[in-house]
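The values are calculated or read from the model by the stated rules, or taken from the named source; none is laboratory data. What you are looking at is a predicted structure, and each value in this text was computed from that prediction instead of being measured. Glycine also receives a Cβ, built like all others from the backbone with ideal geometry; neighbour counts cover every protein chain displayed.
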Amino acid sequence: MRAMLLVNPKATTTNQRTRDVLIRALGATMDLTVEETEYRGHAAHLSRKAHGSGFNVVAVLGGDGTVNEAVNGLLGTGDVTEEIDDETPPREDSSDDGSDDGDASGGAAGRPALLTIPGGSANVFARALGLPNDPVEAVGAILEALRDDRRRTVGLGQATWNGRRRYFTFCSGLGYDAEVIRAVEGLRGAGRKATPTRYVNTALHHYLSTDRRHAPMRVEGPEVPPADGLFMAIVSNTSPWTYVGSTPVCPTPWASFETGLDLLGLQHLGPAAMCHLMPQIIGVRETLPTGRHLVQLHDEREFTLSAQRPVAFQLDGDYLGEVERVTFRSIPKALQVVV
């Protein structure tokens, strides 16, 4: 089996010694080519190159941002985002259990499988797949999956905005949560690590300064009744949405890789509403949050979020700027993963 391993040398939770150990372990079981990412979008370029060169597996040692780039490269984009030049693939039946080998999975067939080794601050995609958050333990689980040839085919989300298109593995967001990610990325650019504590502190500080009176967003879709007055919209392809250390945060607990997209919209950001919501989404949950000011969607094929003014926008924890309109689609059975 030929595999290309994409290593983010700036990954938050690994050092050179750990990376060397992991590379040796993987190299003992497969024909391994190692590439280090050097700039934003490099993982997308390398994974697309791996696809064209006949590699069977693309492995990623890094965080969710590197994983997202690799996924977009595997699905045909040469950069992190692609200019739209064709029609979105039609949605297939997503009723299977996701445990097949990908032969009938449309977009996944004929492409290298993805292998993820957690190396970032949150590693939401890897943990949602059931992998340990520790990279050494995760490689142990992955080696077992390789030995048993265990693969899973998962659905992805797709966002289209301003003539651009990009896939996401676990979440997207507009409004308040994307503003927090923008602030944390600014701190990272100043040399500070993106720790769970820093995210929480930034979220609290930003909450005190955000506009909680003028809600700019609206959601609507072919099968979605329109709803106005959203301050924040969380779009999920799986659950949890994120982690605070070892604690999962689950605003859309019914979301999964085998269903369409879910959404939680907040029409009120007042202290009482937030204090009512937060205990309902912290930890593993099976029931939906409740509240008069919530807008919720489950297993949707397509919907659009529009805003009266530019709002912050993120995909898989990567801040992408301000937008006024984004269309989200569910792309079932899009990607094979080794797990």
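Observations on the structure shown:
- Taken residue by residue, the range 272-290 has at least one member that is touching a helix residue (DSSP H, G or I) at 6+ places or on another chain (Cβ under 6 Å), outside the structural domain of Val71 (by TED's automatic domain parsing) and either modelled with pLDDT under 95 or not in a strand (DSSP E or B) (or both).
- Matching residues in the range 119-132 - criterion: being in contact with a helix residue (DSSP H, G or I) (Cβ under 7 Å, 6 or more places away or on another chain) and either modelled with pLDDT of 95 or more or on the phi > 0 side of the Ramachandran plot (or both): Asn123, Val124, Phe125, Ala126, Leu131, Pro132
- Residue list for the range 14-46, filter: in a loop (DSSP other than H, G, I, E, B), surrounded by 15 or more Cβ atoms within 10 Å (Cβ to Cβ) and not hydrophobic (A, V, I, L, M, F, W, C): Thr14, Thr37, Gly41
- The set of residues from the range 291-326 being basic (Lys, Arg) and either outside any loop (DSSP other than H, G, I, E, B) or in the same structural domain as Asn72 (by TED's automatic domain parsing) (or both) comprises Arg309, Arg325.
- Residue in the range 35-42 that is touching a Leu at 6+ places or on another chain (Cβ under 8 Å) and small (Gly, Ala, Ser) present: no
- Being in contact with a Gly (Cβ under 9 Å, 6 or more places away or on another chain) and either buried (at least 17 other Cβ atoms within 10 Å of the Cβ) or not aliphatic (A, V, I, L, M) (or both) holds for only one residue in Tyr199, Tyr176, Tyr167, and it is Tyr167.
- Any hit, the range 125-136, residues being farther than 17 Å from Pro248 by Cβ, surrounded by fewer than 24 Cβ atoms within 10 Å (Cβ to Cβ) and out of contact with any Gly (no Cβ under 8 Å at 6 or more places or on another chain): yes
- Those helices (runs of 4 or more DSSP H) of the range 119-224 in which 3 or more residues are in the same structural domain as Thr259 (by TED's automatic domain parsing) and farther than 21 Å from Asp64 by Cβ occupy 196-209.
- Taken residue by residue, the range 245-265 has at least one member that is closer than 28 Å to Gly110 by Cα, in a strand (DSSP E or B), among the hydrophobic types (A, V, I, L, M, F, W, C) and touching a residue at least 40 places away in the same chain (Cβ under 8 Å).
Yes/no matrix, rows are residues, columns are (1) within 21 Å of Arg301 (Cα to Cα); (2) touching a residue at least 24 places away in the same chain (Cβ under 8 Å); (3) of a type in the set (Gly, Ala, Ser); (4) out of contact with any helix residue (DSSP H, G or I) (no Cβ under 8 Å at 6 or more places or on another chain):
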position	(1), (2), (3), (4)
Val154	yes, yes, no, yes
Gly163	yes, yes, yes, yes
Glu179	no, yes, no, no
Val184	no, no, no, no
Arg192	no, no, no, no
Thr195	no, yes, no, yes
Leu204	no, no, no, yes
Ser209	no, no, yes, yes
Arg212	no, yes, no, yes
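- In the set (1) at pLDDT 95 or above; (2) farther than 15 Å from Glu286 by Cα, the condition left unmet by Ser256 is number (2).
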